[in-house]
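Take a look at the structure set out below.
The values are calculated or read from the model by the stated rules, or taken from the named source; none is laboratory data. The model shown is predicted, which means the values in this text are computed figures rather than measured ones. Cβ coordinates were reconstructed from backbone atoms using ideal geometry, including for glycine residues, and neighbour counts include every protein chain displayed. Quick note on the areas: whole protein, heavy atoms, side chains included, nothing else; ligands and nucleic acids left out. Shrake-Rupley method; radii C 1.70, N 1.55, O 1.52, S 1.80 Å.
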Amino acid sequence: MLTKVFGSAVFGVEATTITVEVNVDKGVGYHLVGLPDNAIKESNYRIAAALLNNGYRIPGKKITINMAPADLRKEGSAYDLTLALGILTASSQIQSENLDRFMIMGELSLDGSIHPITGALPIAIKAREEGFTGFILPLENAKEAAIVSGLKVYGVENIKEVIEFFDTGKPLEQTIIDTRAEFYKNLDFPEFDFSDVKGQESIKRCMEIAAAGGHNIILIGPPGAGKTMLAKRLPSILPPMTLHEALETTKIHSVVGKVKNMGLMSQRPFRSPHHTISDVALVGGGAYPQPGEISLSHNGVLFLDELPEFKRGVLEVMRQPLEDREVTISRARFTVTYPSSFMLVASMNPSPGGYFNDPDAPVTSSPAEMQRYLGKISGPLLDRIDIHIEVTPVPFEKLSEDRKGESSVEIRKRVTTARELQTKRFEEFENVHYNAQMNTKQIREYCKLDDASKSLLKNAMERLNLSARAYDRILKVARTIADLENALEVNGDHIGEAIIYRSLDREGWLG
């Protein structure tokens, strides 16, 4: 008897429906075809034990299973439940007339319990697109899949529940989520707040500008100056995620199994990989491509602490995603693309000794050592970072003050207002939403300068020997400063402040 059951494979952040054809006939044997990986090939052992422990069995006949499309590589143990139901139906151990109306996925334990899978959200989206009535999957993934409206989602804990649902009509409990209500309910404020930061007013101002325009920023200062503390608080002043951004972000995290029991993500991600990370782990890839840290940072912040300690090759592969805001990974048979629109926040010591710009500490690094240290970061990568700012230690008087600084809520209001101006300005452009995303044509249109501003910028370009990319960065930052002041035009004050935020372009850094 021939039976068809439906599962799904995830490539990139999109799902592809897999038709599992099971045929049970006279003879003996178990044949699984359709480019399954080792985890799928081993599934017959898990399925056999799970069925036996629940009163069923794999028939002693010739079982042929085809996973179509047959030329597409399948991986992972999430097809266990799909295969098991196909075998039971094809061998007439259970009767089901509506098996083809459901997407079914789940990994089986030997006792029949069902373990969570990855990629539940993109699979649910695909199931709705292709007109499936429902999606049966592990209970831990049910909230994640139920985000998708128009699809009945059933979370199950044991294969017995699924068998009884199809064979006897015993109902399963449907997981229902009001996506908008869930989104706004979880839109809590981040745990870190700028009111905890003593002093550092100029740095807070810089972070506010970075947040308002979506600019990449690097913090340069000695150990203990508060670089990490400031970076961790940046998400607290970014505008709240929109529902579209939340769905987009949840989809990426679903692919790597980081959304279990969570439902919709409503906090902007903050990722902080260790400096020993490989280039594949950072940008994504592998034999079976997975999103890397820069894609997991999509719509949020990627924090690279101690930037010069990262391998140069790792940093260089990040240059293109910073420009294109997406990562494309090519293999012989397929290509996957992951979105990676993130804010880069980096930190570094100003010198190998760490105290080059600390007024109270002796300089222990020679110019040659300084040049070698800063040379670990390429000029093209630094050019892609809009804001360079020096962070100096907070004096004791400031640290001992009882007065709290301005809260993240107050800063966020100004940032959100500036972002709204930018959204309105760029509403006719499909892929531009804030100042950091402007291309050269848009910079020329929205960052027009008067003669005094042009002269100021020309002098800075000549004195600091800035590249054309750095020139564009200064104009983008100046446009953001103007937006925070609700100014229609960019003036000399805005240009002057933006030039200050190019610390690493100054000659003094090399002695």
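Can you tell me how many residues within the range 448-479 are outside any helix (DSSP H, G or I) and either surrounded by 17 or more Cβ atoms within 10 Å (Cβ to Cβ) or in contact with a Leu (Cβ under 7 Å, 6 or more places away or on another chain) (or both)?
2
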From the option list ALA436, ALA482, single residue qualifying as touching an Asp or Glu at 6+ places or on another chain (Cβ under 9 Å), buried (at least 22 other Cβ atoms within 10 Å of the Cβ) and closer than 23 Å to GLN200 by Cβ is ALA436
By residue number, the members of the range 17-29 that are modelled with pLDDT under 95 and either of a type in the set (Asp, Glu) or open to solvent by 50 Å² or more (accessible area, probe 1.4 Å) (or both) are ASP25, LYS26, VAL28
Within the range 285-331, the residues that are in a helix (DSSP H, G or I), polar (S, T, N, Q) and modelled with pLDDT under 90 are GLN320
Condition set assigned to a helix (DSSP H, G or I) and among the small types (Gly, Ala, Ser), scope the range 190-208, selection farthest from the chain's Cα centre (by Cα): answer is SER202
All-but-one check, GLY155 against (1) part of a helix (DSSP H, G or I); (2) touching a residue at least 12 places away in the same chain (Cβ under 8 Å); (3) open to solvent by 10 Å² or more (accessible area, probe 1.4 Å); (4) within 15 Å of PHE102 (Cα to Cα), failing number (1)
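Working only within the range 322-333, note down all residues that are of a type outside the set (Ser, Thr, Tyr) and open to solvent by 60 Å² or more (accessible area, probe 1.4 Å). Talk me through it step by step, then tell me what you get.
In the first step, residues of the range 322-333 are kept if they are of a type outside the set (Ser, Thr, Tyr); the result is 322-327, 329, 331-333.
Within the range 322-333, GLU323, ASP324, GLU326, ARG331, ALA332, ARG333 meet the criteria.
Which of the residues spanning the range 249-279 are polar (S, T, N, Q) and assigned to a loop (DSSP other than H, G, I, E, B)? Break it down stepwise before answering.
If we filter the range 249-279 for residues that are polar (S, T, N, Q), which is where we start, we get 249-250, 254, 261, 266-267, 272, 276, 278.
Hits for the range 249-279 are ASN261, SER266, GLN267, SER272, THR276, SER278.
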Conditions (1) part of a helix (DSSP H, G or I); (2) buried (at least 17 other Cβ atoms within 10 Å of the Cβ) -> ILE65 fails only (1)
When restricted to ALA181, ALA231, ALA211, ALA246, the only residue crowded, with 18+ Cβ neighbours inside 10 Å, of a type in the set (A, V, I, L, M), out of contact with any Ser or Thr (no Cβ under 8 Å at 6 or more places or on another chain) and in a helix (DSSP H, G or I) is ALA211
Restricting attention to the range 27-42, the residues that are part of a helix (DSSP H, G or I) and under 29 Å from the mean Cα position of the chain (by Cα) number exactly 3
Subset of the range 285-321, residues out of contact with any helix residue (DSSP H, G or I) (no Cβ under 8 Å at 6 or more places or on another chain) and surrounded by fewer than 20 Cβ atoms within 10 Å (Cβ to Cβ), comes to ALA287, TYR288, GLU306, GLU309, ARG312, GLN320
Only unsatisfied item for SER91, checking (1) open to solvent by 10 Å² or more (accessible area, probe 1.4 Å); (2) in contact with a Lys or Arg (Cβ under 9 Å, 6 or more places away or on another chain); (3) over 24 Å from TYR30 (Cβ atoms), is (3)
Given the criteria among the basic types (Lys, Arg), out of contact with any Leu (no Cβ under 9 Å at 6 or more places or on another chain), touching a residue at least 60 places away in the same chain (Cβ under 8 Å) and surrounded by fewer than 24 Cβ atoms within 10 Å (Cβ to Cβ), does LYS143 qualify?
no
Within the range 271-284, the residues that are surrounded by fewer than 23 Cβ atoms within 10 Å (Cβ to Cβ) and in contact with a Phe, Trp or Tyr (Cβ under 8 Å, 6 or more places away or on another chain) are ARG271, SER272, HIS275, ILE277
